[in-house]
Amino acid sequence: MQRRSFIKKTSVASVGLVSLPLFAQARTNENGIVGHGDFKYKVNVNWGALNSQYYPVNDCHEMVMDKKGRLYLLTNNTKNNVLVYNKDGDLLNAWGTQYPGAHGLTLHDENGTEYLYISDNNRHEVIKTTLDGKVIQVYSCPLESEKYESKSSFIPTETAIASNGDVYIADGYGAQYITHYNAKGELLNIFGGKGSQMHHFDNAHGICIDTRNGKPPTLLITARQQNKLKRFSMAGELISTIDLPGAYICRPVIHNENVYLASIWSHDGSPDTGFICVLDKNDQLVSAPGGCVPKYTDGKLGNMYQTLSIFKHPHDVCVDEDENLYVPQWNSGKTYPIKLTRV
C-alpha cells in the first residue's frame with residue numbers, strides 16, 4: 001500500500017488544480033444562502049480543492065468523520081482511494097491503490113478503536129481497514145446463502161455496523177439483498193431482494209442504524225428507484241416506509257435527531273438535478289438545500305425537484321459537530337466535495 005502524509009493542501013494557485021465546471025458556480029438566493037426553515041447554509045464550492053495532478057479524484061462517493069474531526073473521502077481513483085482532510089479543507093493524508101470500485105464508506109468505533117468499511121463494486125467485496133488503510137477483514141459474496149450463483153452478482157454499495165459488531169451489507173447494485181453477519185464474519189440472515197412487494201428493493205443503495213429518540217435500534221434502508229426509505233427491524237422485518245417523491249436518495253446519515261440524504265437526481269430521474277434532504281425527528285422533510293420548498297398536503301409530501309444549480313449528482317452527506325455539511329459528488333467532472341456551512 002502506498003501511503004503519503006502531507007499536512008498542508010496544495011495551493012489553489014498550483015498548476016493542475018481542478019477547474020470548477022459551470023454548475024459549481026453556485027446560484028443561491030440573494031443572500032448566498034440555500035435551504036429552508038431552520039436548516040440553511042452558506043455554499044463553499046472550493047472547499048477541499050487540491051492539485052489534481054497529485055491527488056486526483058474520479059467519483060467522490062462518500063465521506064465520514066472520525067472522533068478527532070478528520071474527514072475521510074472515498075474516491076474510486078486508485079492513485080489515492082482515500083483522502084483525509086481537516087475541517088478547513090487541508091489535506092492530512094492520502095492512501096489506497098487497490099479499490100477500483102470504491103463506493104461505500106462506513107466508520108465504526110470498536111471498543112475505542114475506529115475502523116473503516118469500504119464497499120467495492122468492482123471487487124464484489126466489503127473490506128474492513130484501519131484508519132490508515134491496513135486490511136483487517138474481508139466480506140465476500142455470501143454464496144452460502146444460496147441466493148447467489150457467482151461472486152460477480154454481488155455488488156455491495158453500503159454497510160451498517162451494530163453496537164455488537166454485527167455487519168449489515170446492502171447489495172444495492174446487485175441482487176438487492178441485505179446480508180447480516182456477526183463480527184466474526186459468519187452469515188446470520190439475508191433478506192430483501194429485488195421484487196415488487198414492499199419488503200423488496202429497487203436499488204438498496206444505502207443503509208444505517210437508527211437509534212434516535214431512545215427507541216430500540218432499527219435499520220433505515222434506501223430504495224432509491226422507489227423514492228423511499230424503508231424501516232426494518234434488526235432481524236429484517238419490514239416496519240414502515242418514508243416516501244420522498246421525486247428524490248432519488250443515496251444513503252441515510254443520522255446526526256442527532258435528523259436524517260440527512262443526498263438526492264443524486266430529482267423529480268423524474270433527470271441527470272444533473274440533485275439536492276440535499278434533511279428530515280426531522282418525525283421523518284418529515286424540513287429542508288432541501290438546492291431543491292424546492294418541502295410541502296405536505298394531507299400528510300403527503302409533494303414532488304421534490306432541484307431549483308438551484310449547485311449540485312451535480314450529490315452522493316453523500318457528512319455532518320460535523322457544528323452541523324455543517326460536506327457533500328461528495330458522483331460523475332461531477334472530477335470535482336472535490338462542496339461544503340455547506342450552517343447559518
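The values are calculated or read from the model by the stated rules, or taken from the named source; none is laboratory data. Bear in mind that the values here come from a model prediction, so they are computed numbers and not experimental data. Cβ sites come from the backbone with ideal geometry, for glycine too, and all protein chains shown count toward neighbours.
Mind checking which residues of segment 234-250 are farther than 24 Å from Tyr181 by Cα and hydrophobic (A, V, I, L, M, F, W, C)?
Ile242, Leu244, Ala247, Ile249
Among the residues of segment 66-81, is there at least one that is surrounded by fewer than 20 Cβ atoms within 10 Å (Cβ to Cβ), without any contact (Cβ under 8 Å) to a residue 60 or more places away in the chain, among the acidic types (Asp, Glu) and in a loop (DSSP other than H, G, I, E, B)?
No - not one qualifying residue is present in segment 66-81.
Does segment 288-305 hold any residues that are under 20 Å from the mean Cα position of the chain (by Cα) and surrounded by fewer than 23 Cβ atoms within 10 Å (Cβ to Cβ), and which are they?
Tyr305
Being of a type in the set (A, V, I, L, M) and closer than 16 Å to Gln137 by Cα is true for just one of Ile190, Ile169. Which residue is that?
Exactly one of Ile190, Ile169 is of a type in the set (A, V, I, L, M) and closer than 16 Å to Gln137 by Cα, namely Ile169.
Could you pull out the residue among Lys228, Lys194 that is without any contact (Cβ under 8 Å) to a residue 24 or more places away in the chain, of a type outside the set (Ser, Thr, Tyr) and touching a Leu at 6+ places or on another chain (Cβ under 7 Å)?
Lys228
Considering segment 285-308 alone, what residues qualify as being closer than 16 Å to Lys40 by Cα and part of a loop (DSSP other than H, G, I, E, B)?
Across segment 285-308, the qualifying residues are Ala288, Pro289, Gly290, Cys292, Val293, Pro294, Thr307, Leu308.
Where in segment 93-183 are the strands (runs of 3 or more DSSP E), entirely inside, with at least 1 residues that are over 20 Å from His199 (Cα atoms) and acidic (Asp, Glu)?
102-110, 113-120, 125-129
Return the residue satisfying two criteria in turn: it lies in segment 214-248 and is part of a loop (DSSP other than H, G, I, E, B) and out of contact with any Asp or Glu (no Cβ under 9 Å at 6 or more places or on another chain), and of such residues it is farthest from Thr297 (Cα to Cα).
Of everything passing the filter in segment 214-248, Ala235 is farthest from Thr297 (Cα to Cα).
Select, from Thr75, Thr129, the only residue that is over 24 Å from Asn258 (Cα atoms), out of contact with any Asp or Glu (no Cβ under 9 Å at 6 or more places or on another chain) and β-branched (Val, Ile, Thr).
Residue meeting the stated conditions: Thr129.
Mind listing whichever residues of segment 33-59 are free of Cβ contacts under 8 Å to residues at least 60 places away in the same chain and among the polar types (S, T, N, Q)?
Asn46, Asn51, Gln53 - these are the residues of segment 33-59 that are free of Cβ contacts under 8 Å to residues at least 60 places away in the same chain and among the polar types (S, T, N, Q).
List the number of the failed condition for Glu158; all other conditions in (1) farther than 20 Å from Thr106 by Cβ; (2) at pLDDT 95 or above hold.
Answer for Glu158: the failing condition is (1).
Could you please tell me which pairs satisfy a Cβ distance under 9 Å, a separation of 6+ or placement on different chains, a first residue in segment 305-318 that is more than 13 Å from Cys292 (Cβ to Cβ) and in contact (Cβ under 8 Å) with a residue 40 or more places away in the chain, and a second residue that is surrounded by 23 or more Cβ atoms within 10 Å (Cβ to Cβ) and among the charged types (D, E, K, R)?
His315/Glu62; His315/Arg251; Asp316/Glu62; Asp316/Arg251; Val317/Arg251; Cys318/Glu62
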